[in-house]
1. Per q in 0.12, 0.14, 0.15 Å⁻¹, report the Debye log10 I(q)/I(0) for the chain, using one uniform scatterer on each alpha carbon and no solvent.
2. Just subtract the alpha-carbon distance of GLU173 and ASN35 from 0.36 nm times their residue separation and send over the number in nm, one decimal.
3. What accessible area, in Å² to the nearest ten, does a 1.4 Å probe give for SER194?
4. Over the Cα atoms of segment 83-208, each weighted equally, I'd like the Debye log10 I(q)/I(0) at q = 0.14, 0.15, 0.20 Å⁻¹, rounded to two decimals.
5. When the chain is fully extended, how far beyond the present Cα-Cα distance does ALA307 get from ASP77, taking 0.36 nm per residue of separation?
6. Sort segment 119-193 into rounded, prolate or oblate with this rule: let a ≥ b ≥ c be the square roots of the eigenvalues of the Cα gyration tensor; rounded if a/c is under 1.5, and if a/c is not under 1.5, prolate when a/b is larger than b/c, oblate otherwise.
7. Evaluate the charge dipole of the chain about its Cα centre and quote only its size in Debye, nearest 20, assuming +1 on the Cβ of each Lys and Arg and -1 on the Cβ of each Asp and Glu.
8. List the chymotrypsin sites (Phe, Trp or Tyr not before Pro) within segment 148-255 that fall in a DSSP loop (any state other than H, G, I, E or B) and whose Cβ has at most 12 other Cβ atoms within 10 Å.
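The values are calculated or read from the model by the stated rules, or taken from the named source; none is laboratory data. Everything numeric here is computed off the predicted structure, so don't read it as measured data. Cβ placement follows ideal geometry from the backbone for every residue including glycine, while neighbour counts extend to all protein chains displayed. Accessible surface areas use protein heavy atoms only, side chains included; no ligands, DNA or RNA. Shrake-Rupley method; radii C 1.70, N 1.55, O 1.52, S 1.80 Å.
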Amino acid sequence: MTVVSGIQPTGKPHLGNYLGAIRNYVKLQDEAHANGGKCFIFLADLHAISMPHVPAELHASTLEMVATLVACGLDPDKSVLFNQAQVPAHAELQWLLMGTARMGWLNRMTQWKDKAGKNREGQSVALFGYPVLQAADVLLYQATHVPVGEDQKQHLELARDIAQKFNNDFASEEAPVFTLPEPYIPEEAARIMSLRDGSRKMSKSEPSDMSRINLTDTAEDMAGKIRKAKTDPEPLPSDLAGLEGRPEAANLVGIYAALAGTSQQAVLDQFGGLGFGTFKPAMADLVVSVLGPIRDRFVELKDDREALDAILARGAAQAREASRRTLDSAYAALGLVRG
Ligand code: AQP
């Protein structure tokens, strides 16, 4: 079992990142550790430059994200925790895979279409090639399990297509260069939506801070955002069918269930027939009880830059070592000779 996943150090990590991805990193880290497997979790700083960014803030944001991941339960003694910029093999393999990825495949990516909008011509080449770097990220370590939110499923399928075509074109069936990665997307909490609009995913880049619960928010901020979350005037239904056509209500029930570790039906058994005036304070208590301790640990860790830099340096050395063999095989398979 080899677990690989990454998160961009852009903006503040939110409840969607936590439930859709980070919580599963911790779960798989512990499973891998108990079974002699490996877990690589990286800060995707190379991905972050695909959109406008402030260079002077990138390293500080990266360290802040490391502090958040550790606060959430990632353990540098169990996982290899690093940033892409310190492991040149990521950028190198991306280039090697550029010859295999097809324009048509990338053109179909929903994230590209969403982020580029109507201004495709004005986007960076890096935004278009983003999924190829993502393929390199996981293929470098022969990943078997890739914990991601639902929005990244399409990119993982593309990584499989790239790996398959590369293996077919440049390797033998008996000795493939790449393992085909599997996405790990537990059904619950695969897609957490904005608190202001149940049709849009909760996102770091959404301008309104009221649309998301940041892992670094205070208890008062969290409770305030839940109190002001968009809902409808109806009470909660007593079965799942009653949530149809009510995206905001469905989102809040989904968040509650994911945090309480129960089913959405169990939440409706408890709150069906009651209004949001009762449900929201109960939800705020639950959110604060789960995220409050994470925030407290984050506050303890965030200013110790030396310790955070040391975690990244150690992880990068381990990642450079772990990625060498696959990178060498990819160069050799393409007929590229290096010294
Ligand atoms: N709303 C979400 N629900 C469930 N999972 C989510 N993820 C992101 N948003 C949700 C998952 O979090 C992981 C890390 O995300 P990322 O920072 O690398 O990329 P992202 O998808 O670009 O995150 P954001 O918040 O949406 O950032 P912006 O706004 O910058 O694009 C991924 O596994 C992702 O699936």
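1. Relative scattering, expressed as log10 I(q)/I(0), comes to -0.88, -1.16, -1.29.
2. 46.9 nm
3. Estimated to the nearest 10 Å², SER194 gives 10 Å².
4. The computed values of log10 I(q)/I(0) come out as -0.69, -0.79, -1.24.
5. Roughly 81.4 nm would be gained on extension.
6. Taking the square roots of the gyration eigenvalues as a ≥ b ≥ c, segment 119-193 is oblate.
7. Charge dipole, the chain, about its Cα centre: 680 debye, nearest 20.
8. Sites meeting the loop and neighbour criteria: none at all.
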